[in-house]
Each structure stands twice: as C-alpha cells, then as structure tokens.
1. Would you mind finding the one in Thr192, Thr177 that is under 17 Å from the mean Cα position of the chain (by Cα) and either open to solvent by less than 50 Å² (accessible area, probe 1.4 Å) or among the polar types (S, T, N, Q) (or both)?
2. Checking the structure you have, find out if any residue of the range 99-111 is of a type in the set (Ser, Thr, Tyr), surrounded by 15 or more Cβ atoms within 10 Å (Cβ to Cβ) and in a loop (DSSP other than H, G, I, E, B).
3. Taking Thr80, is it among the hydroxyl-bearing types (Ser, Thr, Tyr), surrounded by 11 or more Cβ atoms within 10 Å (Cβ to Cβ) and at pLDDT below 95?
4. Condition test on Asn119, is it at pLDDT below 95, closer than 22 Å to Pro67 by Cβ and either open to solvent by less than 70 Å² (accessible area, probe 1.4 Å) or not β-branched (Val, Ile, Thr) (or both)?
5. Taking the range 147-169 only, how many residues are surrounded by fewer than 19 Cβ atoms within 10 Å (Cβ to Cβ) and either in a strand (DSSP E or B) or out of contact with any Leu (no Cβ under 8 Å at 6 or more places or on another chain) (or both)?
6. Can you tell me which of Glu74, Glu43, Glu36, Glu69 is at pLDDT below 90, of a type in the set (D, E, K, R) and under 19 Å from Trp163 (Cα atoms)?
Amino acid sequence: MFRGNKPVLILPGILMVVMILGGYHFLQQEEMITNEQLPEVMEMEVDKTPTDDGVRVEANWDWTTMPEEGMYGEDYIGITVTDPATGKPRYDLSFAEGLLELRYGDQVIEEAEGVAVDNGIIFAFPNKVEENMSYGNLGSVSVEVLGAGIEPEHIELHFLHTWVEHSPLVKEDAAFTKPVFDGAANVPYWVTSY
C-alpha cells in the first residue's frame, strides 16, 4: 500500500482537512441571536434578603452569548417596591449602599452608583467593547431598600436593554413603564422584570 515516508506526509494532511471541515460545520451550527432574542439566553439571579431596616437586593446577570449586531447603547437596572394593599409603587423608601459592578471574567472593570427616583432606584451602565473587553454583558448590582413593612416578594428588579447609541434615559420611572430617552425617538429596547 504505502511505502517509505508517504504515510507520514499524507496522514497529517488528511487530519488537517477533517479538522477544518469539522470546525466549519460546528461554526455553522452555532445559533446566532439578535438583541431582541437576548432575554431568552440571559441568565439573571436575584437574591432578596430581609435585614433589620429593610431588604438587601443582590443580582447577577450574564449574557450567555453575544448578539450578532454587537454591543452598543446603554442598559439600565431599576428596583421598585410595590404596596401589596394597593398594587401601586411605594414612594416612602430610601436606598443605601447601592453599587453596580461590571465584570470581565473575575475582574471588576467599572462601577456605578444608582440614582434614586420617586418610585425606586435606577442604575445605568454601558454596552460596548473596548480594548478587547466587553462591558455590560456580565455584572452585579447590590442595594439595601430601607423602609417599614417591606417584604422580599414586594420588590421587583427591572432590566432595560437598548442596542443603539442614543440620548440618555430620563431617569424618572424605575419600572421603565414607558421609557423616555432625552430627545431621541424610536430607540429600540426591551424590559424584563424579576
């Protein structure tokens, strides 16, 4: 069949062709997602722990894959508390030790503090890729909600995602019921609540 050094030359070539075809097939099978589909693959863990003065809210999020359009715009996290008797937002609360951290792997690459509004607190953070680091796809938020009679089930965390460059969000509603972007129209977004 083969004589001499021919197998040594032919077998690595065959192996290389098989690896290239296998890699191409694998990449073709990997499903690409759009920004609209991101909530389907985003992992969000929310922990609400009662404290002496209220409830500590801690959340971690991770996009398990990147959207095919890339990362642009700004995202927002809002935390609200509902009055169980009326079903309406509570306005008699305060917030302490609010901090949002963006991560790249285990490294904290950016921090942001929240802005208190009438019905909660809002954290803003960028979506971007800079110097091979992605911002916004992995992070955590932590805040203590202070007030009387707060139960963990009365607290909601709202995640607003945008995917275009836009004017900043008018920070007035932490539930993002009808988000208004300062002077910008037709900003694509979605909101999901936990």
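1. Details: Thr177 fails: under 17 Å from the mean Cα position of the chain (by Cα).
That would be Thr192, the only listed residue that is under 17 Å from the mean Cα position of the chain (by Cα) and either open to solvent by less than 50 Å² (accessible area, probe 1.4 Å) or among the polar types (S, T, N, Q) (or both).
2. If we filter the range 99-111 for residues that are of a type in the set (Ser, Thr, Tyr), which is where we start, we get 104.
With the extra rule that they be surrounded by 15 or more Cβ atoms within 10 Å (Cβ to Cβ), the set shrinks to 104.
After this cut, where a residue has to be in a loop (DSSP other than H, G, I, E, B) as well, the list is none.
No, the range 99-111 contains no residue that is of a type in the set (Ser, Thr, Tyr), surrounded by 15 or more Cβ atoms within 10 Å (Cβ to Cβ) and in a loop (DSSP other than H, G, I, E, B).
3. Working: among the hydroxyl-bearing types (Ser, Thr, Tyr): yes; surrounded by 11 or more Cβ atoms within 10 Å (Cβ to Cβ): yes; at pLDDT below 95: no.
It is false that Thr80 is among the hydroxyl-bearing types (Ser, Thr, Tyr), surrounded by 11 or more Cβ atoms within 10 Å (Cβ to Cβ) and at pLDDT below 95.
4. No, not satisfied.
5. So the count comes out to 10.
6. Criteria check complete, one pass: Glu69.
The values are calculated or read from the model by the stated rules, or taken from the named source; none is laboratory data. Everything numeric in this text was worked out from a predicted model, so none of it was measured. In this analysis, Cβ positions are derived from the backbone assuming ideal geometry, glycine residues included, and neighbour counts consider all displayed protein chains. For accessibility, only protein heavy atoms count, side chains too; no ligands or nucleic acids. Shrake-Rupley method; radii C 1.70, N 1.55, O 1.52, S 1.80 Å.
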